[in-house]
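*Asks:* Pasting in a structure now, in structure tokens, and then I'll have a few things to ask.
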Amino acid sequence: DVKVTQSSRYLVKRTGEKVFLECVQDMDHENMFWYRQDPGLGLRLIYFSYDVKMKEKGDIPEGYSVSREKKERFSLILESTSTNQTSMYLCASSLGDTYQPQHFGDGTRLSIL
Amino acid sequence: GENVEQHPSTLSVQEGDSAVIKCTYSDSASNYFPWYKQELGKRPQLIIDIRSNVGEKKDQRIAVTLNKTAKHFSLHITETQPEDSAVYFCAASYSGGGADGLTFGKGTHLIIQP
């Protein structure tokens with residue numbers, strides 16, 4: 001079974017802090033994704049990566065950056081947090097072929113005070 | 001970019017009845033349409049998906065239909081059970097969900113009344 005592991009389940013930070021959210025998958029998937037989930041808005045794509053060191057902006061990349069130094073790990077970086085970044089962050093991965101399902105982690109609930 | 005509209009936002013049905021959730025998409029190039037189920041406090045899980053070259057797909061009590069002309073796809077759940085209670089998300093992608101991510105609808109909260 002595919003395992004996508006996010007480093008923290010809950011995180012509380014203060015405005016202006018730098019935050020790293022880590023995601024690791026164990027199925028040798030080529031593609032990895034970061035989404036944020038907000039009530040009434042569904043899931044929105046922040047960034048994705050289809051290969052090591054490659055990254056592409058999603059629909060809402062402002063205020064975020066990413067890093068993919070190894071195939072199994074994809075990090076989301078919030079350089080200087082603001083209260084509007086309080087959200088549930090979900091990582092996903094998939095094989096590189098077309099029509100492959102995305103498998104999600106349990107999410108990190110980030111609160112910015 | 002792609003835009004996915006999902007309706008209704010909340011759906012309450014009696015146990016044993018059928019439930020239908022509808023989505024429309026804007027980009028005619030989209031070719032992959034998965035549906036995810038998310039139970040409270042848990043991760044979204046894929047329950048069924050359909051490709052643009054297929055009009056209908058069924059898996060036990062769950063079916064998905066796709067109308068490419070109308071840019072419309074629907075999830076059908078028959079003989080609903082209490083464990084079907086969850087939030088359901090439709091999504092669309094124009095590269096088969098591979099290297100471009102998914103565009104999700106805003107979700108439907110399905111409530112199964114005993």
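Every number in this text was worked out from the coordinates using simple rules, so none of it is lab data. Remember, it's a predicted structure, so these values are computed and weren't measured experimentally. Neighbour counts run over all protein chains shown; Cβ positions are idealised from the backbone, glycine included.
*Asks:* Taking N as the number of residues in the protein assembly as shown, what is its alpha-carbon radius of gyration divided by 2.2 N^0.38 Å? List each step's numbers first, then the result.
*Replies:* On the way: Rg = 17.4 Å, N = 227, 2.2 N^0.38 = 17.3 Å.
That works out to 1.01 for the protein assembly as shown.
*Asks:* Got the relative contact order for chain A handy, in percent, Cα pairs under 8 Å and 6 or more residues apart? Could you put the intermediate results ahead of the total?
*Replies:* Working: 297 pairs, mean separation 40.6, N = 113.
Relative contact order, chain A: 36 percent.
*Asks:* Count the lysine pairs in region A:1-103 whose Cα atoms lie under 17 Å apart, taking only pairs 8 or more positions apart in sequence or on different chains. Can you show the working numbers first?
*Replies:* On the way: A:LYS3/A:LYS70; A:LYS3/A:LYS71; A:LYS53/A:LYS70; A:LYS53/A:LYS71; A:LYS55/A:LYS70; A:LYS55/A:LYS71.
Pairs that pass both the separation and distance tests number 6.
*Asks:* If R₀ is 41 angstrom, what is the calculated FRET efficiency for the pair B:ILE111 and B:ASN53, using the beta carbon separation as r and rounding to 0.05? Write out the running numbers ahead of the final one.
*Replies:* Details: r = 34 Å, r/R0 = 0.83.
That pair, B:ILE111 with B:ASN53, gives E of 0.75.
*Asks:* Counting other Cβ atoms within 10 Å of each Cβ, which trypsin sites (Lys or Arg not before Pro) in region A:1-81 have at most 13 and sit in a DSSP loop? Kindly include the intermediate steps, with their values, before the conclusion.
*Replies:* On the way: sites: A:LYS3, A:ARG9, A:LYS13, A:ARG14, A:LYS18, A:ARG36, A:ARG44, A:LYS53, A:LYS55, A:LYS57, A:ARG68, A:LYS70, A:LYS71, A:ARG73; in loops: A:LYS3, A:ARG9, A:ARG14, A:LYS18, A:LYS53, A:LYS55, A:LYS71.
Listed in order of number, the matching sites are A:LYS3, A:ARG9, A:ARG14, A:LYS18, A:LYS53.
*Asks:* Taking only C-alpha pairs under 8 Å that are 6+ residues apart, what is the relative contact order of region B:1-113 in percent?
*Replies:* Answer for region B:1-113 is 37 percent.
*Asks:* Do any GluC sites (Glu not before Pro) in region A:1-78 lie in a loop, going by DSSP, with at most 13 other beta-carbon atoms within 10 Å of their beta carbon, and if so which? It would help to have the intermediate numbers written out before the result.
*Replies:* Values: sites: A:GLU17, A:GLU22, A:GLU30, A:GLU56, A:GLU62, A:GLU69, A:GLU72; in loops: A:GLU17, A:GLU30, A:GLU62, A:GLU72.
For GluC sites (Glu not before Pro) across region A:1-78 that sit outside H, G, I, E and B with at most 13 neighbouring Cβ atoms in 10 Å, the list reads A:GLU17, A:GLU62.
*Asks:* Starting with the fewest neighbours, write out B:PHE73, A:PHE20, A:PHE33 ranked by other beta-carbon atoms found within 10 Å of each beta-carbon.
*Replies:* On the way: B:PHE73 25, A:PHE20 12, A:PHE33 28.
Ascending Cβ contact count within 10 Å gives the list A:PHE20, B:PHE73, A:PHE33.
*Asks:* Hey, if you put +1 on the Cβ of every Lys and Arg and -1 on every Asp and Glu Cβ in chain B, which of B:PHE33, B:GLN45, B:ILE62 ends up farthest toward the positive end of that dipole?
*Replies:* Towards the positive end, the residue furthest out is B:PHE33.
*Asks:* Which of these, A:LEU21, A:LEU90, A:LEU43, has the largest mean-square fluctuation under a Gaussian network model of chain A (Cα springs below 10 Å)?
*Replies:* Among A:LEU21, A:LEU90, A:LEU43, the largest GNM mean-square fluctuation belongs to A:LEU43.
*Asks:* Taking neighbour Cβ counts within 10 Å as the exposure measure, how do B:ILE48, B:ILE111 sort from fewest upward?
*Replies:* Working: B:ILE48 20, B:ILE111 14.
Ascending number of Cβ neighbours within 10 Å: B:ILE111, B:ILE48.
*Asks:* Still on this model: Among A:LEU76, B:LEU40, which comes first, second and so on when ranked by fewest other beta-carbon atoms within 10 Å? List each step's numbers first, then the result.
*Replies:* Values: A:LEU76 23, B:LEU40 8.
Ranking A:LEU76, B:LEU40 by Cβ neighbours within 10 Å, fewest first, gives B:LEU40, A:LEU76.
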